[in-house]
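Report on the following structure.
Nothing in this text is a laboratory measurement; each read-out follows from the coordinates by a stated rule. Bear in mind that the values here come from a model prediction, so they are computed numbers and not experimental data. All Cβ positions, glycine included, derive from the backbone under ideal geometry; neighbour counts span all protein chains shown.
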Amino acid sequence: MPIKSIIVWGDSILKGIVSSEDLKEIRPIENNALAIAGKNLNIEVINKSIYGAPITKIRQTQIKNLNKNLSADICLIESATNDSDYDWNLISSNPNEHHDPKVPLDDFKNILEQTVQTAIENSITPVLVTSTPLVTKWWFDYICIGQNREALLKFINNDPEVLFKNQEQYSNTVKEFATKNNIQLIDLRTEFLKSDDYTKLMCKDGVHPNVEGHKFMAEIFEKILPTIRPDQGTLCSRP
């Protein structure tokens with residue numbers, strides 16, 4: 001049975017947020033990836049993604065939406081970038097202290113599982129979506145704006161690639177969870193990294209796909225969404 005409707009629970013990547021070339025402005029674009037794909041596939045897209053949302057906020061939004069009887073054939077669940085990020089204001093002032101990511105990895109795993117389980121219990125087929133990769137130098141330059149750059153460098157041991165690897169760890173967790181529990185997956189991250197030069201698909205802030213990036217993602221969604229099985233499934237039992 002073809003998919004007729006989708007609820008999207010994600011962050012700014014699926015919301016369609018882009019930054020200006022001078023990095024002074026961020027805004028949503030109307031023709032974001034899911035809007036394009038939904039129109040071309042004749043699928044209703046109910047996009048409840050939120051700028052800056054980690055998995056904790058995404059889950060709160062999910063519960064709020066379901067309590068209002070919102071429903072669809074499938075849901076897209078996307079998170080990793082904000083979860084693996086840090087409170088840079090705090091680090092800028094206190095680089096020598098221990099700082100956890102905004103959502104520690106174990107908490108991320110648990111809340112991801114709860115979010116998927118809740119979708120299943122509400123007869124909505126969950127589909128996990130990996131976040132697009134960071135452009136490390138651009139992202140680090142962006143988070144340093146207004147901060148103590150030397151303090152931030154000290155915190156990451158002078159290796160900005162740590163930021164890329166942290167986000168990758170969270171995205172890999174999403175992929176591993178999908179494989180283990182037979183949950184369908186749309187792997188945006190891998191598709192971006194397989195492209196000739198994924199930096200051409202990204203805004204200068206190093207974190208948001210640009211207009212071309214959204215066209216690229218739309219092609220991925222248009223290819224994969226027709227293959228999604230609208231069966232709710234069940235999570236595998238924990239060992």
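Loop-located GluC sites (Glu not before Pro) across region 69-118 with a Cβ neighbour count of 15 or fewer within 10 Å are Glu97, with loop assigned by DSSP. Extending 7 Å from Cα along the Cβ direction at Ala35 and again at Asp231 yields two label points whose distance is 3.6 nm. The modelled label-to-label distance between Ile46 and Lys165, using points 7 Å beyond Cα along the C-beta direction, is 4.2 nm. Measuring against 19 Å, Cα to Cα, the residue pairs Lys24/Lys165; Lys137/Lys204; Lys109/Lys154 contain Lys24/Lys165; Lys109/Lys154 as the ones spanning a longer distance. All other residues with a Cβ under 15 Å from the Cβ of Ser131 taken together, and with Lys, Arg as +1 and Asp, Glu as -1, what is their net charge? Residues near Ser131 contribute -3 overall. Estimated from the Cβ-Cβ distance and a Förster radius of 35 angstrom, the FRET efficiency linking Lys154 and Ile63 is about 0.35.
As a test, work out the antiparallel percent of DSSP beta bridges whose residues both lie in the chain, rounded to the nearest 5. If you can, show how the numbers build up before the last one.
Working: 4 of 20 bridges.
Counting DSSP beta bridges with both partners in the chain, the antiparallel share is about 20 percent.
In this calculation the C-beta distance from Lys4 to Asp107 is compared with R0 = 30 Å, giving a FRET efficiency of 0.30.
In region 2-66, which trypsin sites (Lys or Arg not before Pro) are in a loop and have at most 12 other Cβ atoms within 10 Å, using DSSP for the loop call? When the trypsin sites (Lys or Arg not before Pro) of region 2-66 are filtered for loop state and at most 12 Cβ neighbours within 10 Å, Lys24 remain.
Only loop residues by DSSP count here, and only those with at most 13 other Cβ atoms within 10 Å; note down the GluC sites (Glu not before Pro) in region 1-71 that meet that.
Working: sites: Glu21, Glu25, Glu30, Glu44; in loops: Glu21, Glu25, Glu30.
The qualifying sites are Glu21, Glu25, Glu30.
For the chain, averaging the sequence separation of C-alpha pairs within contact (under 8 Å, six or more residues apart) and dividing by the residue count gives a relative contact order of 27 percent. Applying the Kirkwood pairwise sum to the alpha-carbon positions of the chain produces a hydrodynamic radius of 18.3 angstrom. Couplings 3J(HN,Hα) of region 221-231, computed from phi: 4, 5, 7, 8, 4, x, 8, 5, 8, x, 10 Hz, in residue order, whole Hz [Karplus 6.51 cos²θ - 1.76 cosθ + 1.60, θ = phi - 60°; x for Gly and Pro]. Charged neighbours of Ile120, selected by a Cβ distance under 12 Å, balance to -3 (K, R count +1; D, E count -1).
Across Gln60, Gln169, Gln184, mean-square fluctuation computed from a Gaussian network of the chain (C-alpha pairs under 10 Å connected) peaks at Gln60. Sequentially through region 105-115, phi angles give Karplus couplings (6.51, -1.76, 1.60; θ = phi - 60°) of 4, 4, 5, 4, 4, 5, 6, 4, 4, 4, 5 Hz, Gly and Pro residues having no value and appearing as x.
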